[in-house]
Amino acid sequence: MIDLGLSILCSSLIFVIFKLYPRFRVQTLYAIIFNYITACLVGLTLIENGTDLTQVIGKSWFPGTVLMGVLFIVIFNLMARTSQTLGVSVASVATKMSLAIPVVLGVFLYGEELGLLKVVGVLLALFAVYFTSVKNAHLPLNRKLIYLPALVFLGSGIIDASIQYFEQNVLSAGEFPLFSSMVFASAACCGLIFVSLRAIREKVHIDARSILGGIALGVPNFFSIYFLLRALQNEVLNSASVFTVNNVAIVMFSTLLGIVLFREKLSGKNWFGIALAILSILLVAAF
């Protein structure tokens, strides 16, 4: 449970850091790239007894880290596009409601059991994510752009399901830091390739603020994945419970941090969502 709590804390800090970027005039794209580089380096420092990186390519899970790294970059850009065209609420709901994908896969692929109360808890979690995230009276959904939140939902779910698969079928506990580092290294390489292509067409300027912002983001970003992998080894909670508690608690905790740190205002729907989130966590964790 400690690992799950630390994953929730680190993931929530990511949203706080993103919130601070405009205040310090951080270039988000470049900060994201340095964030991945930082996350990779943090992981490499945690590897016990050293590792010959030339042998990593031979690992059975290495091709998966490359694909996940590409997915990280693609989904981030889709999230940004969704936020800009349909609103932050739509992007947030699409991202966090993707918890349904690893929950369903856990039942059908890994034979995990969900009792009636856990099923109720998962359903309440989906409603909690919606009500906690929505900031307007309704979600401004343009039918012509509905593919954007659909892709964010699918991509985020695939990322969570991939982490679940590697933890259960491929990785040993000692490989968590190395695996996480390779995922972030792949994402960093994709980002650098993108910036290099942009530099061909226009002048690219990266300031110190963006580098520092990326470093500040990279540390909690790495540990959000690292502690999630450790939490999935919990003998009390199955993966469906872990993903439900993790995603709902992140939405709830980051919302509360927004109130305390940035004086954000919550509507009645938001408070109702927080109440549902607490109830869903209690149902999933206790039963």
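The values are calculated or read from the model by the stated rules, or taken from the named source; none is laboratory data. Remember, predicted model here, so these are calculated numbers, not experimental data. Cβ sites come from the backbone with ideal geometry, for glycine too, and all protein chains shown count toward neighbours.
Here are some notes:
- Residue within the range 198-209 that is over 16 Å from the mean Cα position of the chain (by Cα), part of a helix (DSSP H, G or I), within 30 Å of Gln164 (Cα to Cα) and in contact (Cβ under 8 Å) with a residue 24 or more places away in the chain present: no
- For beta carbons closer than 6 Å, sequence separation of 6+ or different chains, a first residue in the range 219-232 that is farther than 16 Å from Thr65 by Cα and a second that is of a type in the set (Asp, Glu), the qualifying pairs are Phe227/Asp3; Arg230/Asp3; Ala231/Asp3; Leu232/Glu167.
- Positions within the range 237-274 being without any contact (Cβ under 8 Å) to a residue 12 or more places away in the chain and of a type outside the set (Gly, Ala, Ser), in sequence order: Ile259, Val260, Arg263, Glu264, Lys265, Leu266, Trp271
- Look at the range 85-105: where a residue is at positive phi and at pLDDT below 80 and a partner is of a type outside the set (A, V, I, L, M, F, W, C) and not in a helix (DSSP H, G or I), sitting 6+ places away or on another chain with Cβ atoms under 7 Å, you get Gly87/Pro140.
- Among all residues of the range 165-184, there is at least one that is under 21 Å from the mean Cα position of the chain (by Cα), among the aliphatic types (A, V, I, L, M) and closer than 24 Å to Val16 by Cα.
- Within the range 47-69, if we keep just the residues that are of a type in the set (A, V, I, L, M) and at pLDDT 90 or above, the residue that is surrounded by the most Cβ atoms within 10 Å (Cβ to Cβ) turns out to be Met68.
- Residue among Thr244, Thr255 that alone is over 18 Å from Leu46 (Cβ atoms) and at pLDDT 85 or above: Thr244
- The listed residue being of a type in the set (A, V, I, L, M, F, W, C) and within 30 Å of Ala285 (Cβ to Cβ), out of Ala208, Ala240, Ala199, Ala216: Ala240
- Candidate set: the range 210-241, residues that are at pLDDT below 85 and not in a helix (DSSP H, G or I); chosen: the one surrounded by the most Cβ atoms within 10 Å (Cβ to Cβ): Asn238
- Residues satisfying the stated conditions in the range 161-190, i.e. at pLDDT below 90 and either among the charged types (D, E, K, R) or within 15 Å of Phe76 (Cα to Cα) (or both): Glu167, Glu175
- Some residue of the range 152-173 being touching a Ser or Thr at 6+ places or on another chain (Cβ under 8 Å), among the polar types (S, T, N, Q) and over 18 Å from Phe243 (Cα atoms): no
- Residue that is surrounded by the fewest Cβ atoms within 10 Å (Cβ to Cβ) [pool: residues in the range 270-282 that are at pLDDT 85 or above and out of contact with any Gly (no Cβ under 9 Å at 6 or more places or on another chain)]: Trp271
- Condition check for Tyr30: over 16 Å from the mean Cα position of the chain (by Cα), of a type in the set (Ser, Thr, Tyr), modelled with pLDDT of 85 or more and within 28 Å of Arg198 (Cα to Cα): yes
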